[in-house]
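Okay, so here's the structure we're looking at.
The values are calculated or read from the model by the stated rules, or taken from the named source; none is laboratory data. Here the structure is a predicted model, which is why all the values come from computation and not from measurement. Cβ coordinates were reconstructed from backbone atoms using ideal geometry, including for glycine residues, and neighbour counts include every protein chain displayed. The protein model used for the area step is the full one, side chains on, heavy atoms only, and it has no ligands, DNA or RNA in it. Shrake-Rupley method; radii C 1.70, N 1.55, O 1.52, S 1.80 Å.
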Amino acid sequence: MGMAVKGILSLFWLVLIPMAAGGFWGKKRDAYSLGESFLMGYILLFALSELLILPLLFAGAALHVLIAVYGVLSIAMALWGGFCLWKKRTEIFIRIREGCHKVSPYLGAAVLLIGIQIYVVVRYAHMDADDAFYIGAASSAVHSDTIFSINPYTGMPYPSLPSRYVLSPFPVFLAVVSQLCGGLHPAIMAHTVFPAVFFPMVYLVFWQLGKRWFPKEKNAQGIFLLLTALLNWFAGYSIYNAGNFQMIRIWQGKALLAAALLPLLLYLCLNILMEKTPTYPWILLGAANLACCLLSSMGVLLAPLVTGCVLLLSLIRFRDGKKLVYGILCCGPNLVLGLAYLFIK
């Protein structure tokens, strides 16, 4: 299959499907953009992946079974969400037209800088030592048609499941989407396609945060996004911060967790826990916590910490026991996986 066809399939599975799938969450929101739909769609798809991969992994299922089930369910969710977006098409088009007439020059500068970052990361791909495991695990899964059963360091079957990685199987997600995209090699998917998709995802998260913190101030929103891009560009003063992880290895689950999912989780917490009437459904907060678990074992711990901190502030502000109960339930998947990790360990 030609690279052009694989590129089109990558656009379909990694951009159009998430954007359509996220349309379901905008049914009850007055202002819902395609950018929000894209972000919420990835929360849904990451959470779905975690729910599918773990049972099939422990059942010893083949990778092609997982690919088929994920493909069918994601298309079904995209059709449902796309129908919801279609019903709101007039409002979406009006906001797009109005936004094009009121573009801040700072936003234009930020978009230009982000475009340069994407070009640099894709054109001059960094080869990270951790790829020996992450991309190796995805390649081993593809070539053996198994789910996390081959040690990428040796090529031999695991004598026992790798407890550090098994509950956060993001390399398996890489293997699945690489095969859905026409059999694109996992290394090409990770180093070339993922950065082109996940960089805009990161900055869409910060754009949403900017709109919340600076409502009706277009210049302030643009300046915030521009400063965020600049800080990430010069994040090389340490190898342990989110900006460096984003610029160097965004295709790894732990980098995507730090750069995108935890800020997105914070955004949802602000809109659900810190509002008297939540502007997003509670189930989306639970799905976001579960999505963090897919990316890295640190997500199992850090996601409920972020949720818990904002929940504490919410209790101080509203003194609402209902929010406490719902907030704890949203962290339920992380608590279950944390206990499972201790049991496997």
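Brief remarks follow.
- Looking across the stretch 221-244, the residues that are closer than 14 Å to Leu107 by Cα and open to solvent by 40 Å² or more (accessible area, probe 1.4 Å) come down to Ile223, Phe224, Leu227, Leu230.
- Across the stretch 7-40, the qualifying residues are those that are in a loop (DSSP other than H, G, I, E, B) and in contact with a Gly (Cβ under 9 Å, 6 or more places away or on another chain), and the one among them that is least open to solvent (accessible area, probe 1.4 Å) is Tyr32.
- Selection from the stretch 174-197 of residues that are assigned to a loop (DSSP other than H, G, I, E, B) and either hydroxyl-bearing (Ser, Thr, Tyr) or open to solvent by less than 10 Å² (accessible area, probe 1.4 Å) (or both): Cys181, Leu184
Here's the yes/no breakdown for (1) modelled with pLDDT under 90; (2) in contact with a helix residue (DSSP H, G or I) (Cβ under 7 Å, 6 or more places away or on another chain):
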| position | (1), (2) |
| --- | --- |
| Lys276 | yes, yes |
| Gly286 | no, yes |
| Val300 | no, yes |
| Ala303 | no, yes |
| Leu312 | no, no |
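- Pairs with Cβ under 6 Å, 6+ apart, first in the stretch 113-133 and of a type in the set (D, E, K, R), second buried (at least 16 other Cβ atoms within 10 Å of the Cβ) and part of a helix (DSSP H, G or I): Asp128/Arg249
- For the stretch 22-43, a residue qualifies if it is in contact with a Leu (Cβ under 8 Å, 6 or more places away or on another chain) and under 30 Å from His143 (Cα atoms), and exactly one does: Ile43.
- Scanning the stretch 238-249 for residues that are among the polar types (S, T, N, Q) and either part of a helix (DSSP H, G or I) or on the phi > 0 side of the Ramachandran plot (or both) yields Asn244, Gln246.
- Residue in the stretch 247-254 that is small (Gly, Ala, Ser) and either under 23 Å from Ser37 (Cα atoms) or in contact with a Ser or Thr (Cβ under 8 Å, 6 or more places away or on another chain) (or both) present: yes
- Residue check for Ile43: modelled with pLDDT of 90 or more, closer than 22 Å to Trp282 by Cα and part of a helix (DSSP H, G or I): yes
- Residue check, Lys218 touching a Lys or Arg at 6+ places or on another chain (Cβ under 7 Å), open to solvent by 30 Å² or more (accessible area, probe 1.4 Å) and either charged (D, E, K, R) or closer than 30 Å to Val5 by Cα (or both): yes
- Every pair of residues 6+ apart whose Cβ atoms lie under 7 Å, when the first sits in the stretch 1-26 and is farther than 21 Å from Leu174 by Cβ while the second is of a type in the set (Ser, Thr, Tyr): Gly23/Ser37; Trp25/Tyr280; Gly26/Tyr32; Gly26/Ser37
- Any hit, the stretch 222-237, residues being in a helix (DSSP H, G or I), aromatic (Phe, Trp, Tyr) and either farther than 17 Å from Lys323 by Cβ or in contact (Cβ under 8 Å) with a residue 40 or more places away in the chain (or both): yes
- Contact map, the stretch 267-295: first residue in contact (Cβ under 8 Å) with a residue 12 or more places away in the chain and closer than 15 Å to Leu324 by Cβ, second residue part of a helix (DSSP H, G or I) and open to solvent by 20 Å² or more (accessible area, probe 1.4 Å), Cβ cut-off under 6 Å, separation 6 or more or different chains; pairs are Trp282/Tyr326.
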